[in-house]
């Protein structure tokens, strides 16, 4: 790892050279009153002055709907056309927050827990992450409680920490990061001894993961699930804005003798998610589905995949129509 | 506020109701509260910030149980309760409705007739936001409107928060959950998103009371509440409705008459 300094002007030139290299660049854009990741061509399109994008960057490596394969029946034969990883373009994610970059690890842990997921991995290979450390946070943020921090570099190829002069400390973290630097090496100057910590938001931890995990190990039959989930209306807003939620559905899109098999986002909060063909639903009530959401992130994933399924980005709390605040709920479980 | 809390505590202590659905302070704004004992009634609040439509909970059987319960209802919730009553989803024996009127007085409605008389005092008006967006849309050509809505719908990722937040979406099996046949493709795409929203809108025609809960719930900021609101406004003069009040002769798209003056229906 190498640390450099890049000036504001240098950053603009570097951005132009990334675009000129032909890579797709996704960055936060403010439109319709919301900030979200969109394809950009100019640095001027990139949003400033916001806490968090409404949606996470998850869709870049786990699209909302993706074709697994296509098929065509032809005189008793089936011609199958598999997903081709080469169709995925080189992609750069610009101005990702550390809580989003940290989401790649839990997401990949799910997609690769038994067999390697060709699609997800193809996206990952082609994706480079330029994260920006956080100088601001709001009351929904809690990365420091879930192994993260406003300057966490996990999942990033380069992390920039913006300085008062508009320039930035550039931490070049991986070979992918080095390749991006190589697009325009002269703008990366010798570091000036700036202290990164000085420019990060102070966000004290709100709970201890070990404590939560220990409580959850004995909480399966607790009344807490019913109490907390009474107001939950069972939509999928929390899951769809989450950087680590990976529930999916597999669907057929058939037209005559041709078809496509599609993987699309789903949510464990939906009643339909666990409904069996027989009509039996092992998670019949919203409280059981809420329990699944929390246990999966804070108990099952740490136990089985050695990674916590939450990065503390706070998006679910911001998106929830009925204020199911995850920080509040987890803190109350930790204190029980 | 004290009157409301005291009354709720008394109702629960006396056993007149087993549950009171109301509002408490939340982390961002007031949120739903479920009082099952008089102690929790101390958290109750009721003011102009309490606009989440609590009628969404009154048809959830696992939540309200079999005994009599109460709900504290601002005007939007009262309108939805009346519509649910007209649709035979509620009974007077089971539901007690409380509100705080404009003079700050606590009101109790035992019958739906009383709610109806109370609601009739309030004229349904567009707010500033509704007026701003709707007048823009009303000034568009048909092609421009289609473009506008296709653009908005392209942001939909089918979390169904609009459906979940709507008090009138009480079906235990929604059209999007019917998969034999699969009427609407479950994955988000421009056309399947539009299919979902057109379906939702058509199921709401003549029923929507324009509470705005669907638009408020949408995490990606689609003003979907304005579609059903506009339909409510447009239908009212044609079918003799009063906007925001239930159609006493039945809902526009789910009732018909033998002596209808239109030929196509016969």
Given the residues A:252, A:227, which is the only one that is in a helix (DSSP H, G or I), surrounded by fewer than 19 Cβ atoms within 10 Å (Cβ to Cβ) and over 24 Å from the mean Cα position of the chain (by Cα)?
A:227
If you check residue A:243 against the conditions, is it buried (at least 17 other Cβ atoms within 10 Å of the Cβ), in a loop (DSSP other than H, G, I, E, B) and touching a helix residue (DSSP H, G or I) at 6+ places or on another chain (Cβ under 6 Å)?
yes
What number goes with the only condition from (1) crowded, with 21+ Cβ neighbours inside 10 Å; (2) more than 11 Å from chain B (Cβ to nearest Cβ); (3) under 17 Å from the mean Cα position of the chain (by Cα) that residue A:330 does not pass?
(3)
Failed condition for residue A:276, given (1) more than 19 Å from residue A:108 (Cβ to Cβ); (2) buried (at least 22 other Cβ atoms within 10 Å of the Cβ), with all others met?
(2)
Does region B:153-166 contain at least one residue that is more than 13 Å from chain A (Cβ to nearest Cβ) and either under 26 Å from residue B:120 (Cβ atoms) or surrounded by fewer than 23 Cβ atoms within 10 Å (Cβ to Cβ) (or both)?
no
Quickly run through region A:17-34 and pick out the residues that are assigned to a loop (DSSP other than H, G, I, E, B) and away from chain B (no Cβ under 14 Å).
A:21, A:22, A:23
Can you tell me which of A:317, A:306 is at pLDDT 95 or above and within 19 Å of residue B:165 (Cβ to Cβ)?
A:317
Picked from region A:277-296 (must be part of a loop (DSSP other than H, G, I, E, B) and away from chain B (no Cβ under 13 Å)), the residue nearest to the chain's Cα centre (by Cα) is A:282
Candidate set: region B:194-223, residues that are within 12 Å of another protein chain (Cβ to nearest Cβ) and assigned to a loop (DSSP other than H, G, I, E, B); chosen: the one farthest from residue A:53 (Cα to Cα)
B:212
If you take the residues in region A:249-272 that are out of contact with any helix residue (DSSP H, G or I) (no Cβ under 9 Å at 6 or more places or on another chain) and in contact (Cβ under 8 Å) with a residue 40 or more places away in the chain, which one is farthest from the other protein chains (Cβ to nearest Cβ)?
A:257
Take the conditions under 30 Å from residue A:261 (Cα atoms), surrounded by fewer than 22 Cβ atoms within 10 Å (Cβ to Cβ) and in contact with a strand residue (DSSP E or B) (Cβ under 9 Å, 6 or more places away or on another chain) and apply them to residue A:67. Does it pass?
yes
Checking the condition outside any loop (DSSP other than H, G, I, E, B), assigned by TED's automatic domain parsing to the domain that holds residue B:138 and under 22 Å from residue A:249 (Cα atoms), which residue from B:191, B:227 passes?
B:191
Tell me which residues, restricted to region B:121-151, are surrounded by fewer than 13 Cβ atoms within 10 Å (Cβ to Cβ) and part of a helix (DSSP H, G or I).
B:128, B:131, B:132, B:135, B:136, B:138, B:142, B:143, B:144, B:146, B:147, B:151
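The values are calculated or read from the model by the stated rules, or taken from the named source; none is laboratory data. All values derive from a computational prediction rather than experimental measurement. Note that we place each Cβ from the backbone using ideal geometry, even for glycine, and neighbour counts take in every protein chain shown.
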